[in-house]
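> Handing you a structure now.
The values are calculated or read from the model by the stated rules, or taken from the named source; none is laboratory data. The structure displayed is predicted, hence computed values, not measured ones. All Cβ positions, glycine included, derive from the backbone under ideal geometry; neighbour counts span all protein chains shown. We work out accessible area using only protein heavy atoms, side chains counted, and drop any ligands, DNA or RNA first. Shrake-Rupley method; radii C 1.70, N 1.55, O 1.52, S 1.80 Å.
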Amino acid sequence: MSASPRHVAIIMDGNGRWAKKRFLPRMAGHKKGVETAKQVAYAALDLGVEVLTLYAFSTENWARPDEEVSGLMGLLKIFIQRDVRELSERGVRLKVIGNWRALAPDLVVLIEDALTQTAGNTASTLVIALNYGSQAEITASVRRLAEQVKAGALEPDAITADHIAQGLETADLPPLDLLIRTSGEVRLSNFLLWQAAYAEMLFVETLWPDFGKAELAAALDGFGERERRYGGL
Ligand code: FPP
């Protein structure tokens, strides 16, 4: 039997190009992108993926025009209020990583409510990376270790990779097995850099709004066929 990935992460790229091809405003692409996120979350659940992590907003995305940033924040609110509630009925637990507490207070309250309401769900976990940056996440983990060293509670020589991993926001999740990026770009864009150390990577040409269950299923099948050696033979 082939292995199936427990934890899949996706860099959802290509909303803008999807809209451009149709002579639509960029927001139309993001709107369709949110619909796709919901469909893919259901598909992941149906296909037995335990954890699906989606990169919804990076710390670098603030550099986009104000209008696009506020549009994305509006869509996030809708996603958290409407789609997460629906997903919760199927037993999906929400987890949010990144500096989401620095977002607008009304969005923070919505996220807190959704986290509380879904905390007891056990069918699967949907992780939304929001105002997330991997280097900042690793830096925070290392800083906490430095504080322990300063306090005399930890010897520098005793620090292992596991100490750093335990300080990441993903410490409670299964290891990342498969990382997918849509739209043909081949880079990680500051997403799960540490966690991707042994992950399989899949870069597909499909623009995010066109991604769906069939492509997720194909990605999972492909994963089962690859042999992961973790540096061994
Ligand atoms: C990439 O498209 C996507 C983003 C910047 C993130 C926004 C993602 C969504 C709105 C979909 C899912 C949302 C939620 C709430 C789970 P792009 O604008 O970079 O596309 P382009 O490279 O073609 O311009």
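> Quick one: would you say residue 97 is modelled with pLDDT of 95 or more and either in contact with a strand residue (DSSP E or B) (Cβ under 9 Å, 6 or more places away or on another chain) or more than 16 Å from the ligand (Cβ to nearest atom) (or both)?
yes
> Every residue in segment 122-141 that is free of Cβ contacts under 8 Å to residues at least 60 places away in the same chain and either touching a His at 6+ places or on another chain (Cβ under 9 Å) or of a type in the set (Gly, Ala, Ser) (or both), please.
Selection gives 140, 141.
> Would a scan of segment 203-215 turn up a residue that is buried (at least 19 other Cβ atoms within 10 Å of the Cβ) and under 27 Å from residue 171 (Cα atoms)?
Within segment 203-215, none of the residues are buried (at least 19 other Cβ atoms within 10 Å of the Cβ) and under 27 Å from residue 171 (Cα atoms).
> Would you mind telling me which numbered condition in (1) buried (at least 21 other Cβ atoms within 10 Å of the Cβ); (2) within 12 Å of the ligand (Cβ to nearest atom) residue 51 fails?
(2)
> Same structure, new question: Scan (1) over 15 Å from the mean Cα position of the chain (by Cα); (2) under 30 Å from residue 122 (Cα atoms); (3) assigned to a loop (DSSP other than H, G, I, E, B) for the single condition residue 24 breaks and write down its number.
All conditions pass for residue 24, except number (2).
> Residue by residue through segment 73-92, note down the ones that are open to solvent by 70 Å² or more (accessible area, probe 1.4 Å) and either closer than 14 Å to residue 56 by Cβ or near the ligand (Cβ under 9 Å from one of its atoms) (or both).
If the condition is that a residue be open to solvent by 70 Å² or more (accessible area, probe 1.4 Å) and either closer than 14 Å to residue 56 by Cβ or near the ligand (Cβ under 9 Å from one of its atoms) (or both), then 78 is the only one that fits.
> State which residue pairs qualify: first residue more than 13 Å from the ligand (Cβ to nearest atom) and of a type in the set (A, V, I, L, M) and inside segment 170-190, second residue open to solvent by less than 10 Å² (accessible area, probe 1.4 Å) and in a loop (DSSP other than H, G, I, E, B) in any location, beta carbons under 8 Å apart, and separation of 6 or more residues or different chains.
Hits for this filter: 176/192; 178/5; 179/191; 179/192.
> Could you please find all residues in segment 56-67 being open to solvent by 20 Å² or more (accessible area, probe 1.4 Å) and within 9 Å of the ligand (Cβ to nearest atom)? I'd like the intermediate steps shown before the answer.
Start the filter on segment 56-67 by keeping residues that are open to solvent by 20 Å² or more (accessible area, probe 1.4 Å), which leaves 56, 59-67.
Listed by number, the residues that qualify are 56, 61, 64.
> Name the residues in segment 109-130 that are within 17 Å of residue 59 (Cβ to Cβ) and under 11 Å from the mean Cα position of the chain (by Cα), would you?
127, 128, 129, 130
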